[in-house]
Amino acid sequence: MKQNVIGNPAAVALHGFAQLTDTGLMLQHGAKPMLDVAERPGRTFLTANQVKLRYGGISDMTLTRWCRDPALKFPQPVKINRRKFFALDELEECDRRRAEATHKAK
């Protein structure tokens, strides 16, 4: 898959799927930069739509409720220009916690 590299990760926001690295922002082919975000080297972010698909096509309202419910400890999004981006490593950690809790309950 072809990727574009953009120099300063602190000066670029995510639109679509992207990964911030020490050398810059890696964008999937066709993804476009938007605006400033804080630097987060080496982290991959998913859009809210990608997160909804990851969890079986859940609705906007379900994702909102998961974010609001402190008992779920669901990762909070980074909001950029009214769009939500979720750190993939935080989603994976949340999945691990839920799997462990389910396994212990059995």
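Where a number appears in this text, it was derived from the coordinates with a stated rule and is not lab data. Owing to the predicted nature of the structure, the values given are computational and were not obtained by experimental measurement. Quick reminder, even Gly has a Cβ in these numbers, built from the backbone with ideal geometry, and neighbours come from all protein chains shown.
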How many residues are surrounded by 10 or more Cβ atoms within 10 Å (Cβ to Cβ), in a helix (DSSP H, G or I), more than 13 Å from the chain's Cα centre (by Cα) and not basic (K, R) when one looks only at segment 51-66?
4
How about segment 76-92: which of its residues are under 14 Å from R54 (Cα atoms) and either of a type outside the set (A, V, I, L, M, F, W, C) or in contact with a Pro (Cβ under 8 Å, 6 or more places away or on another chain) (or both)?
F85, F86, A87, D89, E90, L91, E92
Scan segment 74-83 and give yes if some residue there is under 17 Å from F45 (Cβ atoms) and part of a helix (DSSP H, G or I), otherwise no.
no
Restricting to segment 68-82, and then to whatever is without any contact (Cβ under 8 Å) to a residue 60 or more places away in the chain and farther than 20 Å from T102 by Cα, can you tell me which residue is surrounded by the fewest Cβ atoms within 10 Å (Cβ to Cβ)?
R82
